[in-house]
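Here is the structure we will look at.
Read-outs: derived from the displayed coordinates by stated rules, not from any lab. This structure is a prediction, so every number in the text was calculated from the model and none was measured.
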Amino acid sequence: MRRTRRGARGAKGNRARDSAGKRVVKAGRPRRSEPTVSTTMRLRRSVREQLEGWARRGRRSVSDVAQELLEEALRLRQCPGVYFASEPGGRTAKVAGTGLAVWEILRDFVRDQDVERVREAFPQLSQSQLTAALTYVRRYPEEIRKEVEANEGLTPDELQQRYPGLIRVVRAG
């Protein structure tokens, strides 16, 4: 077994720890099926400290936080006009200047691939905003499909029960 500065690797050595060696409990995030590779990089102290702060607040490992930030940064560069925001269901891709999630704009497009239908449903979108959403869905179709499916069956009553105080259901009549 190879020894590191935190001790022997093994079942206990694989637990997430911060730079002070304190154990960090990871949040219940879904595991990626893609295998990870060990990567060493030098960071400015201030960057490392910010990563540790985000990890502590989210009860996650520094590695998990860095992985999420890097993945999002790569996606931002690949899909100009898209940003990420935290929502009750987790981080989601949104189209800049709209407040709308990519999946909300492209909910119908995922089914029938009809861009004109999207244009009719969202006439307020500029061509660049629509292009940003389409670029994202073409690069990450499975992610958008899953978000559409997860939100398709939600009724106002289910939303109110799942997220108390987030919405208010007003009945007509």
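How long is the gain from GLN160 to SER38 if the chain were fully straight, where each residue apart is worth 0.36 nm and the alpha carbon distance is subtracted?
39.7 nm
Between ASP108 and GLU152, what is 0.36 nm times their sequence separation minus the Cα-Cα distance? Round to one decimal in nm.
14.8 nm
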